[in-house]
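Peer 1: Got a structure for you, written out below as structure tokens; questions coming shortly.
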Amino acid sequence: MRIQVKFIKQGSLRFISHHNLMKLFERAIRRAKISVKMSVGYNPRPKIAYPLALPVGIKGIDEKLEIELCEWMDVSELETRLKKQLPENMQITSVEPISSKVKSTVKDVTYVVKPKNGKMPEAGIADELLSKDAVIIQRKGKKRAFNIRPSIDSIKTDSQSIDLDLKMTPEGMARPEEVLLHLGLKVGKDYEISEIVRKRVNLFS
């Protein structure tokens, strides 16, 4: 039996790494006495899959993980047990069975960005970015340059926020901070973003 757990990661838990998030769920599942299948080999691991890691510092309200169970289990009972073992800023929103034959992959995601002190991109800069055929970046530690433009599906702005719709391509997916940099908003040392929320993760399954 394979299930998908949807959850919210927020508050101080935004700042834990993906590795520590995995450890958190593994401990919670173990304490909840949920029987999970293990991988084979020298170092067996629980069969828990995360279709897309959430970057450190970003709030996620539609995060997903998939668990392969050793045997059938009522999903309501599983949800109740697991909720009791998770910290306050990690909230489960749904648990449902999914196909055991197809591994889910990411189709597209949406980020909502709320710039600090209302600082918004200059007029026309989003349209200018979308009009380009290529936006080449060089990621740290990578030898090969990456064109983020095919991954940018749309950019929508209002008076207070920016919606970034990003899709997976054969080469990968653009990161929100990479798009924001080309909109004139810096993330990191010159921090000009007050909040980034990943509000939707759409999967092929």
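Values in this text are rule-based calculations from the coordinates and carry no lab data. What you see is a predicted model, and the numbers here were worked out from it, not measured in a lab. As a convention, Cβ positions derive from the backbone with ideal geometry for all residues, glycine included, and neighbour counts pool all protein chains shown.
Peer 1: Among Glu63, Glu77, Glu96, Glu88, which is among the charged types (D, E, K, R) and crowded, with 16+ Cβ neighbours inside 10 Å?
Peer 2: On the way: Glu77 fails: crowded, with 16+ Cβ neighbours inside 10 Å; Glu96 fails: crowded, with 16+ Cβ neighbours inside 10 Å; Glu88 fails: crowded, with 16+ Cβ neighbours inside 10 Å.
The conditions single out Glu63.
Peer 1: Here are some residues: Leu129, Leu180, Leu203. Which one is closer than 22 Å to Phe15 by Cβ and either of a type outside the set (Ser, Thr, Tyr) or in a strand (DSSP E or B) (or both)? Steps first, please.
Peer 2: Values: Leu129 fails: closer than 22 Å to Phe15 by Cβ; Leu203 fails: closer than 22 Å to Phe15 by Cβ.
Going through Leu129, Leu180, Leu203 in turn, the sole match is Leu180.
Peer 1: Among the residues of the range 132-156, count how many are part of a helix (DSSP H, G or I) and not charged (D, E, K, R).
Peer 2: Of the residues in that region, 2 qualify.
One line per residue, one yes/no per condition, for (1) outside any strand (DSSP E or B); (2) over 16 Å from Ile8 (Cβ atoms):
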position: Ile61; (1), (2): no, no
position: Glu68; (1), (2): no, yes
position: Ser76; (1), (2): yes, yes
position: Leu82; (1), (2): yes, no
position: Asn117; (1), (2): yes, yes
position: Ala123; (1), (2): yes, yes
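Peer 1: Output the number of residues of the range 1-16 satisfying the condition of being part of a strand (DSSP E or B), of a type in the set (Lys, Arg) and within 14 Å of the chain's Cα centre (by Cα). Let's see the steps before the verdict.
Peer 2: Keep residues of the range 1-16 that are part of a strand (DSSP E or B), which gives 2-9.
Then keep just the ones that are of a type in the set (Lys, Arg); that gives 2, 6, 9.
Now restrict to residues that are within 14 Å of the chain's Cα centre (by Cα): 6, 9.
Of the residues in that region, 2 qualify.
Peer 1: Filter the range 99-109 for residues that are touching a residue at least 24 places away in the same chain (Cβ under 8 Å) and either surrounded by fewer than 13 Cβ atoms within 10 Å (Cβ to Cβ) or not aliphatic (A, V, I, L, M) (or both) and give the result. Spell out the reasoning first.
Peer 2: So in the range 99-109, the residues touching a residue at least 24 places away in the same chain (Cβ under 8 Å) come out as 99-100, 102-109.
Matches in the range 99-109: Ser99, Ser100, Val102, Lys103, Ser104, Thr105, Lys107, Asp108.
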